[in-house]
Amino acid sequence: MARADSVGAAPDTTDAPDATAQVLARAAVNAMEAAGGYAAGVYLRSPTAGLLLMAVFTGLPLQLFRPWWRMQVNRPYPVAEAYRSGQAVLLPDAESAMSRFPQLVAGLPFPFASLYEPVTAGTERFGVLVVLREATPGIPVGTADRERLRRAAEQLAADLTALAADGGRVLWEGDPMGVPAPPPEAGAEGARRAADRLAQAVLSLDREGRIGFVNTAAEELLGLDGPHLRGRLLWEALPWLGHPAYEDHFRAGFMSGEPVHFPARRGRHPPGQWLSVDLYPAADGVTLTLGTSAKPAYAPASRTRQGPDADADLDVDVDGYADLDVSADEASALYRPVALAIALTEAVTARQVSAVVTEELLPAFGGRQLAIYLLDERHLYLAWETGFPQGFLNRFDGVSLDVRLPGVETLTTGRPMFFESMQHLAAAYPGIPLDADVGARAFLPLIASGRPVGSCILGFDSPRGFSPEERTVLTALAGLIAQALARARRYDSEVALARGLQSALLPHRLPVREHVDTVGRYLPGTQGMEVGGDWYDVVETGTGLLALVIGDVQGHGVAAAATMGQLRSAVRAFALSGSTPEQVVSGTNQLLIDLDPGQFASCCYMLLDPASGSVMAARAGHPQPLLRHPDGRTEVLDLAGGVVLGIDPEASYPVTELRLTTGSVLALYTDGLVEKPGLDIDVGVERLRTALEAARPSPLAETADRLISEAGNTADRPDDIALLLASRTGGDP
């Protein structure tokens, strides 16, 4: 599909599928107009699972947004959030964006508003519609704009559904396609004469960076006539302005609406000449002025390269300064440290840290392989790998620090090692097994606060040099990764402790009683320390009744697990003493207030007579249970209840009476089973009710597994889950 390799190259759209391209282009333009934006685009799913690709973009120079052409759906960006949740993400200003998506602001630190509307049809998720517009600080996006954007997304979803039905492709591959605006006008003759009187070079650009008006001073300064410039992208006509080092300046000018001033250096005509560049943006375009300038004090020093291509793309002027010929990928790499640093602060397990490095670091430097080894008892153990041949790295797993290998020596010496080709690596380490004949490798020490953590290997498919800037950035990033991994290992230890405590406190088996089957399930959260708060229990009381209990303690981790254990013990003690449901819940409420003021928990307590099926239930701020009748009809019960435990010492908890007939199934659960980010809890409850209604009532264990299976397959589960099912199998009808 469309491809653009740098700021100075326009995307090639010749192989974009016409029908899909037309649908997407029309949707982007319509959405931009509907929401009053100055730019818009569409992200679509790609053939790679979990990867969204920017498919079309209009209103701003497409090339300036290269770092965001690819978007993993699990990343903390608004595009990914809208796709995951199925809900619109509306950011009216920089403050709202910073509070929710700091990584977005790290890369685009300008005042602008952005709106993200998922493109869905039923259960089909196509992608996300994006609109950029001027910021409205403190003023949320209005209802009318929301509705218009939603209708635009619905129309796009309908069009894509029709395309798919006709055999068209609704997945995107490759780079995005730019949707051009109408050719810019050259301007009125009077304006031309006025501008021609100026000694300063003046060019007029449209919102996509195409040159319209060019005054005589600009033609003379640039040595190009107007026809050669007009109608062309600025970075095509003047490639030296397309250098990645200037991308952030152009992003600021086009997005913020504020004037931007910076020095830029022309490549070779005349050699080494520095020009002052001024951008004056407005709603309908940008005025660019150029002037001669002395060499700035902070002009970048020349780079050095190694290898056979040492002189490629390097032009040194008489002053000893090199032209800025860093590639777009290298410039992107120099931008990535901020985004990677923010992403690493959100990763709390070693696996999450490794995934962030894979998603943020590899694309930035054009890498294809990554391996992370962690140090334990003077041996390095493979913790994460991607891109290497299957099984190749197994031979290095568990190597001692005494072995002469680059992955070991980079850690023992604390010195990063860069090999521009596999031949260089083989020459430095004769006999070392290689996974490829062609490529390059970087070995980075992972050291946190002076303590060795492990080593990181980056692999590249082709030989390449490593500039001083890249070496510096990679070394700094290795330190960030090491800090994150050290923190993650502490988290992993605490998680193991919390889960061990949780496992010890939950019942290992439930009592077996005539006329009643009970089954319990528990799933810990998968994000960080998300374990410890939920519990279930079945208690045989001294009066022959059966107490069914489910609860959820606020918070997670060791403290929540400990509080849960105390509450479970308290409920069991009250139940065994023959207390009524109201007494059990009230007594547990008072105990929690005495134990830990400020802590709270929800709970549902049901006292069942297995012989008659009568039930007395008390509820403290807990989700309503479900009841599946013998004929399959399933309802959400309406139990009276009081406030959550731990809030009000005078709280009362009324009791509701009901009857469990033979063949019916009762389902008690915690909110982790029905809550999803961005969705109303009632939607999750209805989904669970439908699943219980469709499930076979027997065997009960199979029903429990079916109800919890969807949540169990979720990779990033923010909360733990408890489920307790009780089925009446006999007794009085």
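The values are calculated or read from the model by the stated rules, or taken from the named source; none is laboratory data. Predicted model, so just to flag it, every value in this text is computed and none were measured. Note: ideal-geometry Cβ built from the backbone for every residue, glycine included; neighbour counts use all protein chains shown. Accessible surface areas use protein heavy atoms only, side chains included; no ligands, DNA or RNA. Shrake-Rupley method; radii C 1.70, N 1.55, O 1.52, S 1.80 Å.
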Within 28 Å of residue 110 (Cα to Cα) and surrounded by fewer than 21 Cβ atoms within 10 Å (Cβ to Cβ): which single residue out of 232, 210 fits that description? 232
Look at residue 498 and say whether it is touching a Pro at 6+ places or on another chain (Cβ under 9 Å), surrounded by 15 or more Cβ atoms within 10 Å (Cβ to Cβ) and modelled with pLDDT under 85. yes
Picking from 644, 665, 683, 655, which residue would you name as being more than 19 Å from residue 633 (Cβ to Cβ) and over 34 Å from the mean Cα position of the chain (by Cα)? 655
Please tell me if residue 83 is open to solvent by 30 Å² or more (accessible area, probe 1.4 Å) and among the aromatic types (Phe, Trp, Tyr). yes
Exception for residue 73 within (1) within 14 Å of the chain's Cα centre (by Cα); (2) surrounded by fewer than 20 Cβ atoms within 10 Å (Cβ to Cβ); (3) touching a residue at least 40 places away in the same chain (Cβ under 8 Å) falls at (3)
Looking at segment 593-644, which of its residues are in contact with a helix residue (DSSP H, G or I) (Cβ under 8 Å, 6 or more places away or on another chain) and at positive phi? 632
Are any of the residues in segment 170-190 modelled with pLDDT under 85, surrounded by fewer than 18 Cβ atoms within 10 Å (Cβ to Cβ) and touching a helix residue (DSSP H, G or I) at 6+ places or on another chain (Cβ under 6 Å)? no
Would you point out the residue of segment 38-63, among those that are of a type in the set (Gly, Ala, Ser) and at pLDDT below 90, that is most open to solvent (accessible area, probe 1.4 Å)? 49
As an exercise: evaluate residue 88 against (1) open to solvent by less than 30 Å² (accessible area, probe 1.4 Å); (2) in contact with a strand residue (DSSP E or B) (Cβ under 8 Å, 6 or more places away or on another chain) and give the number of the one condition it does not meet. (1)
Members of segment 508-539 found to be over 19 Å from residue 589 (Cα atoms), among the acidic types (Asp, Glu) and modelled with pLDDT of 90 or more, listed by number: 517
Among (1) surrounded by fewer than 17 Cβ atoms within 10 Å (Cβ to Cβ); (2) more than 27 Å from residue 206 (Cα to Cα); (3) touching a strand residue (DSSP E or B) at 6+ places or on another chain (Cβ under 9 Å), there is one condition residue 33 misses while meeting the rest; what is its number? (2)
So, in segment 613-633, how many residues would count as being closer than 19 Å to residue 694 by Cβ and either part of a loop (DSSP other than H, G, I, E, B) or within 37 Å of the chain's Cα centre (by Cα) (or both)? 7
Can you tell me which of 393, 374, 411 is under 27 Å from residue 473 (Cβ atoms), touching a residue at least 12 places away in the same chain (Cβ under 8 Å) and in contact with a helix residue (DSSP H, G or I) (Cβ under 9 Å, 6 or more places away or on another chain)? 374
Of the residues in segment 15-49, those that are part of a strand (DSSP E or B) and either out of contact with any Leu (no Cβ under 9 Å at 6 or more places or on another chain) or hydrophobic (A, V, I, L, M, F, W, C) (or both) come to 39, 40, 42, 44
What do you reckon, is residue 443 open to solvent by 10 Å² or more (accessible area, probe 1.4 Å), under 18 Å from residue 357 (Cβ atoms), touching a helix residue (DSSP H, G or I) at 6+ places or on another chain (Cβ under 6 Å) and in contact (Cβ under 8 Å) with a residue 12 or more places away in the chain? yes
Among residues of segment 622-641 being out of contact with any Asp or Glu (no Cβ under 6 Å at 6 or more places or on another chain) and crowded, with 20+ Cβ neighbours inside 10 Å, the residue nearest to residue 697 (Cα to Cα) is 628
Can you tell me which residues in segment 352-369 are outside any helix (DSSP H, G or I) and modelled with pLDDT of 80 or more? 367, 368, 369
Please go through segment 461-484 and pick out each residue that is hydroxyl-bearing (Ser, Thr, Tyr) and open to solvent by 50 Å² or more (accessible area, probe 1.4 Å). 462, 472, 475
Out of 152, 113, 162, 158, report the one residue that is at pLDDT 90 or above, farther than 30 Å from residue 248 by Cα and surrounded by 15 or more Cβ atoms within 10 Å (Cβ to Cβ). 152
Of all residues in segment 538-591, count the ones that are open to solvent by 20 Å² or more (accessible area, probe 1.4 Å), under 21 Å from residue 660 (Cβ atoms) and among the aliphatic types (A, V, I, L, M). 1
Checking residue 18 against (1) within 27 Å of residue 123 (Cα to Cα); (2) open to solvent by 20 Å² or more (accessible area, probe 1.4 Å); (3) at pLDDT 85 or above; (4) out of contact with any strand residue (DSSP E or B) (no Cβ under 6 Å at 6 or more places or on another chain), the condition it does not meet: (3)
Hits in segment 662-674 (condition: closer than 19 Å to residue 699 by Cβ and in a loop (DSSP other than H, G, I, E, B)): 662, 663, 664
